[in-house]
Amino acid sequence: MRIGAHVDPAAPLDEAAARGADLVQFFLADPQGWTAPKPRSDAGALAGGQVDVYVHAPYVINVATLNNRIRIPSRKLLLSHAKAAAAVGAKGLIVHGGHVGGGELAKGFDNWRKTFAYAAESGGFPLPVLIENTAGGDNACARRLDALARLWDAVGEYDEVGFCLDTCHAHAGGEELLGLVDRVKAVTGRIDLIHANDSRDPFDSGRDRHDNLGRGQIDPELIVAVVRAAGAPVVVETPGGAEGQGADISFLRDRLSR
Ligand SMILES: [Zn+2]
(Lines give C-alpha, C1' and ligand atoms only; values in the text may rest on other atoms or scores of the structure.)
Protein backbone atom coordinates (compact mmCIF):
# COMPACT_ATOMS: atom_id res chain seq x y z
CA MET A 1 0.00 0.00 0.00
CA ARG A 2 1.46 3.35 -1.06
CA ILE A 3 1.45 6.05 1.60
CA GLY A 4 2.46 9.69 1.41
CA ALA A 5 1.61 13.21 2.45
CA HIS A 6 0.22 16.55 1.42
CA VAL A 7 3.31 18.74 1.05
CA ASP A 8 4.49 22.21 0.18
CA PRO A 9 4.48 22.62 -3.61
CA ALA A 10 7.93 24.24 -3.87
CA ALA A 11 9.91 20.98 -3.97
CA PRO A 12 7.52 18.01 -3.65
CA LEU A 13 10.12 15.33 -4.36
CA ASP A 14 12.42 16.67 -1.63
CA GLU A 15 9.45 16.68 0.73
CA ALA A 16 8.68 13.07 -0.21
CA ALA A 17 12.26 12.04 0.55
CA ALA A 18 12.16 13.83 3.90
CA ARG A 19 9.10 11.79 4.91
CA GLY A 20 9.95 8.47 3.29
CA ALA A 21 6.76 8.96 1.28
CA ASP A 22 5.69 6.81 -1.68
CA LEU A 23 3.50 9.60 -2.98
CA VAL A 24 2.87 13.29 -2.60
CA GLN A 25 -0.12 15.56 -2.94
CA PHE A 26 0.21 19.31 -3.40
CA PHE A 27 -1.50 22.41 -4.77
CA LEU A 28 -0.59 23.83 -8.16
CA ALA A 29 -1.80 27.33 -7.22
CA ASP A 30 -3.06 29.30 -4.23
CA PRO A 31 -5.70 27.05 -2.61
CA GLN A 32 -7.72 30.13 -1.59
CA GLY A 33 -7.42 31.90 -4.93
CA TRP A 34 -8.70 31.80 -8.49
CA THR A 35 -5.36 31.86 -10.28
CA ALA A 36 -4.76 29.23 -12.94
CA PRO A 37 -1.71 27.04 -12.42
CA LYS A 38 1.56 27.89 -14.15
CA PRO A 39 3.74 25.31 -15.92
CA ARG A 40 6.31 23.73 -13.57
CA SER A 41 9.98 23.39 -14.39
CA ASP A 42 10.06 20.07 -12.51
CA ALA A 43 7.16 18.56 -14.49
CA GLY A 44 9.39 15.97 -16.12
CA ALA A 45 10.93 14.86 -12.83
CA LEU A 46 7.52 14.65 -11.18
CA ALA A 47 5.97 12.71 -14.05
CA GLY A 48 8.88 10.34 -14.52
CA GLY A 49 9.85 9.59 -10.94
CA GLN A 50 9.20 6.80 -8.46
CA VAL A 51 7.00 9.02 -6.29
CA ASP A 52 3.34 9.06 -7.28
CA VAL A 53 1.80 12.50 -7.64
CA TYR A 54 -1.67 13.72 -6.68
CA VAL A 55 -2.89 17.29 -7.04
CA HIS A 56 -5.44 18.98 -4.81
CA ALA A 57 -7.66 21.56 -6.50
CA PRO A 58 -8.16 24.95 -4.80
CA TYR A 59 -10.69 25.14 -1.97
CA VAL A 60 -12.53 28.03 -3.65
CA ILE A 61 -13.84 25.69 -6.33
CA ASN A 62 -17.53 24.92 -5.86
CA VAL A 63 -19.02 23.50 -9.03
CA ALA A 64 -22.30 22.65 -7.27
CA THR A 65 -23.33 26.15 -6.22
CA LEU A 66 -26.37 27.88 -7.69
CA ASN A 67 -24.34 31.12 -7.83
CA ASN A 68 -23.15 31.24 -11.40
CA ARG A 69 -20.47 33.82 -10.55
CA ILE A 70 -18.80 31.05 -8.54
CA ARG A 71 -19.95 27.98 -10.50
CA ILE A 72 -18.78 28.99 -13.97
CA PRO A 73 -15.28 30.07 -12.87
CA SER A 74 -15.13 26.90 -10.76
CA ARG A 75 -15.72 24.70 -13.80
CA LYS A 76 -13.03 26.51 -15.75
CA LEU A 77 -10.54 26.48 -12.89
CA LEU A 78 -11.13 22.78 -12.27
CA LEU A 79 -10.42 22.01 -15.92
CA SER A 80 -7.28 24.16 -15.98
CA HIS A 81 -6.01 22.40 -12.84
CA ALA A 82 -6.79 19.04 -14.40
CA LYS A 83 -4.68 19.89 -17.44
CA ALA A 84 -1.83 21.16 -15.27
CA ALA A 85 -2.10 18.10 -13.02
CA ALA A 86 -1.88 15.80 -16.03
CA ALA A 87 1.24 17.70 -17.13
CA VAL A 88 3.02 16.67 -13.91
CA GLY A 89 1.89 13.07 -14.32
CA ALA A 90 -0.67 13.20 -11.52
CA LYS A 91 -2.73 10.10 -10.89
CA GLY A 92 -5.71 12.16 -9.77
CA LEU A 93 -7.06 15.65 -9.08
CA ILE A 94 -8.82 15.90 -5.74
CA VAL A 95 -11.71 18.35 -5.43
CA HIS A 96 -14.19 18.89 -2.62
CA GLY A 97 -17.80 17.87 -3.19
CA GLY A 98 -19.09 21.41 -2.75
CA HIS A 99 -22.39 22.65 -1.48
CA VAL A 100 -25.47 24.66 -2.47
CA GLY A 101 -27.35 27.34 -0.61
CA GLY A 102 -31.09 27.44 -0.15
CA GLY A 103 -31.75 23.74 0.14
CA GLU A 104 -31.86 22.99 -3.57
CA LEU A 105 -29.46 20.11 -3.39
CA ALA A 106 -30.92 18.50 -6.51
CA LYS A 107 -29.61 21.41 -8.58
CA GLY A 108 -26.19 20.95 -7.03
CA PHE A 109 -26.02 17.38 -8.25
CA ASP A 110 -27.12 18.48 -11.69
CA ASN A 111 -24.43 21.16 -11.65
CA TRP A 112 -21.90 18.43 -10.95
CA ARG A 113 -23.18 16.49 -13.96
CA LYS A 114 -22.86 19.65 -16.07
CA THR A 115 -19.26 20.04 -14.90
CA PHE A 116 -18.34 16.75 -16.52
CA ALA A 117 -20.51 17.52 -19.55
CA TYR A 118 -18.70 20.87 -19.91
CA ALA A 119 -15.31 19.15 -19.76
CA ALA A 120 -16.49 16.50 -22.24
CA GLU A 121 -17.06 19.26 -24.82
CA SER A 122 -13.29 19.73 -24.94
CA GLY A 123 -12.35 16.05 -24.76
CA GLY A 124 -13.03 15.39 -21.08
CA PHE A 125 -10.78 15.61 -18.05
CA PRO A 126 -7.30 14.29 -18.84
CA LEU A 127 -7.01 12.44 -15.50
CA PRO A 128 -9.32 11.07 -12.80
CA VAL A 129 -11.22 13.73 -10.84
CA LEU A 130 -11.49 12.42 -7.28
CA ILE A 131 -14.45 13.98 -5.51
CA GLU A 132 -13.72 14.25 -1.78
CA ASN A 133 -16.20 14.03 1.08
CA THR A 134 -16.43 17.19 3.18
CA ALA A 135 -16.91 17.84 6.88
CA GLY A 136 -19.33 20.75 6.94
CA GLY A 137 -22.38 22.38 5.50
CA ASP A 138 -26.09 21.64 5.63
CA ASN A 139 -26.42 21.36 1.87
CA ALA A 140 -23.21 19.58 1.01
CA CYS A 141 -23.04 17.20 -1.96
CA ALA A 142 -20.58 14.78 -0.38
CA ARG A 143 -20.81 15.14 3.40
CA ARG A 144 -23.19 12.28 4.16
CA LEU A 145 -23.74 9.09 2.26
CA ASP A 146 -27.36 9.83 1.35
CA ALA A 147 -26.17 12.91 -0.55
CA LEU A 148 -23.21 11.02 -1.98
CA ALA A 149 -25.60 8.45 -3.44
CA ARG A 150 -27.53 11.19 -5.24
CA LEU A 151 -24.27 12.74 -6.44
CA TRP A 152 -23.17 9.40 -7.85
CA ASP A 153 -26.50 9.01 -9.64
CA ALA A 154 -25.61 12.27 -11.41
CA VAL A 155 -21.93 11.75 -12.23
CA GLY A 156 -21.13 8.06 -11.76
CA GLU A 157 -21.45 7.34 -15.47
CA TYR A 158 -18.45 9.52 -16.38
CA ASP A 159 -15.20 7.59 -16.77
CA GLU A 160 -13.07 10.25 -15.07
CA VAL A 161 -15.05 10.26 -11.81
CA GLY A 162 -13.41 8.82 -8.71
CA PHE A 163 -13.79 9.15 -4.97
CA CYS A 164 -11.44 10.32 -2.22
CA LEU A 165 -12.44 9.42 1.34
CA ASP A 166 -11.14 11.69 4.11
CA THR A 167 -11.39 10.14 7.59
CA CYS A 168 -11.39 13.51 9.41
CA HIS A 169 -14.17 14.81 7.18
CA ALA A 170 -16.23 11.64 7.64
CA HIS A 171 -15.94 11.80 11.43
CA ALA A 172 -16.58 15.53 11.69
CA GLY A 173 -19.25 15.26 9.00
CA GLY A 174 -21.24 12.70 10.95
CA GLU A 175 -20.41 9.36 9.30
CA GLU A 176 -19.15 6.59 11.59
CA LEU A 177 -15.79 5.19 10.45
CA LEU A 178 -16.70 1.67 11.52
CA GLY A 179 -17.77 -0.13 8.35
CA LEU A 180 -17.58 3.10 6.36
CA VAL A 181 -15.57 1.68 3.45
CA ASP A 182 -18.25 -0.90 2.70
CA ARG A 183 -21.00 1.71 2.94
CA VAL A 184 -19.14 4.07 0.62
CA LYS A 185 -18.35 1.34 -1.89
CA ALA A 186 -22.02 0.35 -1.91
CA VAL A 187 -22.68 3.87 -3.22
CA THR A 188 -19.69 4.67 -5.42
CA GLY A 189 -18.34 1.22 -6.22
CA ARG A 190 -14.85 2.58 -5.61
CA ILE A 191 -12.43 4.41 -3.37
CA ASP A 192 -9.45 5.79 -5.26
CA LEU A 193 -7.60 7.58 -2.47
CA ILE A 194 -7.74 7.82 1.31
CA HIS A 195 -6.98 11.01 3.20
CA ALA A 196 -5.91 9.58 6.56
CA ASN A 197 -6.33 12.36 9.09
CA ASP A 198 -7.32 12.57 12.71
CA SER A 199 -9.84 15.24 13.74
CA ARG A 200 -9.42 17.90 16.40
CA ASP A 201 -13.21 18.16 16.65
CA PRO A 202 -16.01 15.90 17.84
CA PHE A 203 -18.18 13.59 15.77
CA ASP A 204 -20.66 15.47 13.55
CA SER A 205 -19.21 18.85 14.59
CA GLY A 206 -19.07 19.96 10.96
CA ARG A 207 -15.60 21.39 11.57
CA ASP A 208 -12.58 20.64 9.40
CA ARG A 209 -9.42 20.69 11.51
CA HIS A 210 -6.96 17.88 10.89
CA ASP A 211 -4.67 16.41 13.51
CA ASN A 212 -1.88 13.84 13.63
CA LEU A 213 -3.01 10.24 13.98
CA GLY A 214 -3.72 9.41 17.61
CA ARG A 215 -3.61 13.06 18.68
CA GLY A 216 -7.22 13.93 17.86
CA GLN A 217 -10.66 12.56 18.64
CA ILE A 218 -10.68 9.50 16.36
CA ASP A 219 -9.54 6.08 17.54
CA PRO A 220 -6.41 5.63 15.38
CA GLU A 221 -7.16 1.94 14.96
CA LEU A 222 -10.39 2.96 13.18
CA ILE A 223 -8.34 5.03 10.74
CA VAL A 224 -6.06 2.03 10.18
CA ALA A 225 -9.13 -0.15 9.60
CA VAL A 226 -10.46 2.28 6.97
CA VAL A 227 -7.09 2.34 5.20
CA ARG A 228 -6.84 -1.45 5.27
CA ALA A 229 -10.38 -2.00 4.03
CA ALA A 230 -10.11 0.56 1.24
CA GLY A 231 -6.88 -0.87 -0.18
CA ALA A 232 -6.25 2.47 -1.90
CA PRO A 233 -3.25 4.82 -1.80
CA VAL A 234 -3.08 7.02 1.30
CA VAL A 235 -2.28 10.69 1.87
CA VAL A 236 -1.84 12.14 5.34
CA GLU A 237 -2.86 15.81 5.46
CA THR A 238 -1.66 16.32 8.96
CA PRO A 239 0.37 19.01 10.78
CA GLY A 240 3.97 18.94 11.90
CA GLY A 241 5.85 19.04 8.61
CA ALA A 242 8.27 16.25 7.76
CA GLU A 243 8.50 15.10 11.36
CA GLY A 244 4.78 15.00 12.14
CA GLN A 245 3.74 13.56 8.80
CA GLY A 246 6.66 11.15 8.74
CA ALA A 247 5.50 9.79 12.09
CA ASP A 248 1.95 9.39 10.77
CA ILE A 249 3.23 7.51 7.70
CA SER A 250 5.37 5.25 9.92
CA PHE A 251 2.43 4.60 12.22
CA LEU A 252 0.26 3.49 9.30
CA ARG A 253 2.99 1.31 7.78
CA ASP A 254 3.64 -0.33 11.13
CA ARG A 255 -0.02 -1.08 11.81
CA LEU A 256 -0.74 -2.25 8.28
CA SER A 257 2.18 -4.67 8.34
CA ARG A 258 0.82 -6.56 11.35
ZN1 LIG B 1 -8.69 15.73 2.65
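Restricting attention to the range 139-237, which GluC sites (Glu not before Pro) occupy a DSSP loop and are surrounded by at most 15 other Cβ atoms within 10 Å? Counting only loop positions with at most 15 other Cβ atoms within 10 Å, the GluC sites (Glu not before Pro) in the range 139-237 are Glu157, Glu176.
According to the Kirkwood relation over distinct C-alpha pairs, the hydrodynamic radius of the range 1-131 is 15.2 Å. Amide H contacts under 5 Å for Ser199: Asp211, Gly216, Gln217, Ile218, restricted to partners 5 or more places along the chain or on a different chain, H placed in the peptide plane at 1.01 Å from N.
Here the label points at Ala10 and Gln50, each 7 Å from Cα along the C-beta direction, are separated by 2.5 nm in the simple model.
Annotation note: GluC sites (Glu not before Pro) in the range 82-132 located in DSSP loop regions with a Cβ neighbour count of at most 16 within 10 Å are Glu104. The phi-based Karplus calculation (6.51 cos²θ - 1.76 cosθ + 1.60; θ = phi - 60°) puts the 3J(HN,Hα) values of the range 26-37 at 7, 8, 9, 7, 3, x, 9, x, 10, 6, 6, x Hz, whole numbers, x for Gly and Pro. Going by a ≥ b ≥ c, the root eigenvalues of the Cα gyration tensor, does the range 101-163 fall in the rounded group (a/c under 1.5), the prolate group (a/b larger than b/c) or the oblate group? Prolate shape, in that a/c is at least 1.5 and a/b is the bigger ratio. Rolling a 1.4 Å probe over the protein heavy atoms gives the chain an accessible area of 41 Å² per residue. Entry note, the chain: the mean residue ellipticity at 222 nm calculated from DSSP H runs of n ≥ 4, each adding -39500 (n - 2.57), is -12500 deg cm²/dmol after division by the residues and rounding to the nearest 500.
Of the listed peptides 74-83, 249-258, 205-214, what is their order by residue-averaged count of other C-beta atoms within 10 Å, with the highest listed first?
With the highest mean Cβ count within 10 Å placed first, the list reads 74-83, 205-214, 249-258.
Taking all protein chains as shown and a probe of 1.4 angstrom, Arg40 keeps an accessible surface of around 60 Å².
Work through the residues other than Ala16 whose Cβ is under 10 Å from its Cβ and net out their charges, Lys, Arg +1 and Asp, Glu -1. Summing Lys/Arg as +1 and Asp/Glu as -1 gives -3. The largest accessible area among Asp198, Asp219 belongs to the first residue in Asp219, Asp198, and the rest follow in falling order (1.4 Å probe, all chains).
The values are calculated or read from the model by the stated rules, or taken from the named source; none is laboratory data. It should be emphasised that the depicted structure is a prediction, and the values quoted were computed from it without experimental measurement. Quick reminder, even Gly has a Cβ in these numbers, built from the backbone with ideal geometry, and neighbours come from all protein chains shown. Only protein heavy atoms, including side chains, enter the accessible area calculation; ligands, DNA and RNA are left aside. Shrake-Rupley method; radii C 1.70, N 1.55, O 1.52, S 1.80 Å.
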